[in-house]
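The values are calculated or read from the model by the stated rules, or taken from the named source; none is laboratory data. None of these values were measured; they are calculated from a predicted model. Cβ placement follows ideal geometry from the backbone for every residue including glycine, while neighbour counts extend to all protein chains displayed.
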Amino acid sequence: MQKIRIGIAHWGAGIAPVFAAVEGGYLREQGLDAELVFIGGHPNALASMLAGEVDFINSVGPEVITANLRHGGDAVIIASAISRSAQQVSAQPGLATREELRGKRWGVVARQDADECAILMGFERWGWDIAKDARIVVVGTDGPRLDLLLDPEHVDVAIMHAPEPFQAIKRGWRIVDDFGRLDVAAQNSCAATTRRYARAHPDAVLRYARAFCQGVWRFRTDAAFGVEVLRKYTREPDRDVLEQTWVLFARYMGGMMFPSLEGVRNAGHLLHRLGALPRMVDPEDYVDLGPVTELEREGFFARLMGVPERDVRAPAAGKGPMSGKGP
């Protein structure tokens with residue numbers, strides 16, 4: 001067994017692919033003895049990985065880009081669970097329509113983070129101006145995220161990640177909009193490592209990607225398993241909240257699980273618009289398609305989806321997807 005350390009940014013449903021890989025036994029099947037290391041917040045988890053303190057994390061595209069720029073790092077996305085925006089727009093009682101959200105106080109944990117990117121993405125599709133049609137309020141991290149976002153003294157509207165919007169409903173808030181319906185490419189929940197680690201341990205990275213993708217598939221196709229994974233790791237006791245969370249995430253998961261180059265490109269555009277990047281970035285600098293390309297070549301996804309072994313065919317040379325920049 002090869003020991004690996006996985007940084008955990010939070011215990012929410014966005015990390016479900018990792019939790020499913022653990023609970024399904026897929027990491028151990030791949031010869032990986034995984035230790036989950038809690039490191040609060042995506043920026044801290046990425047910083048820890050770039051420092052070599054953990055080997056893998058589950059993250060999101062905007063945070064990977066900003067972490068690399070902030071730390072001169074080489075974080076790279078190797079597999080994707082969700083490649084579109086999956087956030088909900090929740091508002092306090094009395095706000096029921098999108099138009100009623102214009103000019104209101106939008107809560108974020110920090111400026112230029114993934115949630116502010118989501119707000120800008122939504123506003124661009126709605127034809128709104130983020131500088132005129134929203135007051136961005138930073139709630140910080142001094143307390144539970146949901147409590148800070150649901151503070152009616154400071155916040156009217158917030159971008160939420162399941163199970164948060166369903167928990168907020170129990171407190172009287174409502175879901176006013178769902179960015180997932182916009183079907184915008186956005187590198188959401190994804191597996192990441194560093195190019196440095198991938199060069200030193202290419203076999204471990206491939207095995208991790210295989211276990212991650214197995215976890216995603218099991219989570220989205222086995223409702224009882226998925227709900228139990230959420231119950232155990234999020235510690236949410238309300239069955240209704242758990243089931244709604246599973247349905248939301250399961251319907252956003254799927255596909256070949258390649259990292260989304262378009263999703264990373266969109267993240268770079270939004271960060272540039274917010275002033276976090278001096279110029280647009282090349283998405284291939286933050287993505288390695290190699291591991292998932294290899295899984296497809298070996299027939300992994302065909303077997304996962306139930307194609308009989310005799311019918312599995314690797315793509316002919318030059319016919320499959322390009323591998324992108326290797327580690």
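Restricting attention to the stretch 68-114, the residues being crowded, with 22+ Cβ neighbours inside 10 Å, out of contact with any helix residue (DSSP H, G or I) (no Cβ under 6 Å at 6 or more places or on another chain) and at pLDDT below 95 number 1. Residue 49 falls short on exactly one of the conditions (1) farther than 17 Å from residue 187 by Cα; (2) touching a helix residue (DSSP H, G or I) at 6+ places or on another chain (Cβ under 6 Å); (3) not in a loop (DSSP other than H, G, I, E, B), and that condition is (2).
Looking at this structure, is residue 254 assigned by TED's automatic domain parsing to the domain that holds residue 223, modelled with pLDDT of 95 or more and either assigned to a helix (DSSP H, G or I) or over 22 Å from residue 122 (Cα atoms) (or both)? So residue 254 fails the test.
When the stretch 143-168 is filtered for residues that are farther than 16 Å from residue 114 by Cα and either touching a Ser or Thr at 6+ places or on another chain (Cβ under 6 Å) or in contact (Cβ under 8 Å) with a residue 60 or more places away in the chain (or both), the ones remaining, listed by number, are 152, 155, 156, 163, 165, 166, 167, 168.
Would it be correct to say that residue 183 is under 19 Å from the mean Cα position of the chain (by Cα) and exposed (fewer than 15 other Cβ atoms within 10 Å of the Cβ)? Yes.
For residue 280, state whether it is part of a loop (DSSP other than H, G, I, E, B), of a type in the set (A, V, I, L, M, F, W, C) and surrounded by 21 or more Cβ atoms within 10 Å (Cβ to Cβ). Show your work before the answer.
Numbers: part of a loop (DSSP other than H, G, I, E, B): yes; of a type in the set (A, V, I, L, M, F, W, C): yes; surrounded by 21 or more Cβ atoms within 10 Å (Cβ to Cβ): no.
Against the criterion (part of a loop (DSSP other than H, G, I, E, B), of a type in the set (A, V, I, L, M, F, W, C) and surrounded by 21 or more Cβ atoms within 10 Å (Cβ to Cβ)), residue 280 does not qualify.
Return yes or no: is residue 200 more than 23 Å from residue 262 (Cα to Cα) and surrounded by 17 or more Cβ atoms within 10 Å (Cβ to Cβ)? First the steps, then the outcome.
Details: more than 23 Å from residue 262 (Cα to Cα): yes; surrounded by 17 or more Cβ atoms within 10 Å (Cβ to Cβ): no.
So residue 200 does not fit the description; no.
For the stretch 233-248, the criterion of being closer than 20 Å to residue 83 by Cα, buried (at least 19 other Cβ atoms within 10 Å of the Cβ), at pLDDT below 95 and out of contact with any Leu (no Cβ under 9 Å at 6 or more places or on another chain) is met by at least one residue.
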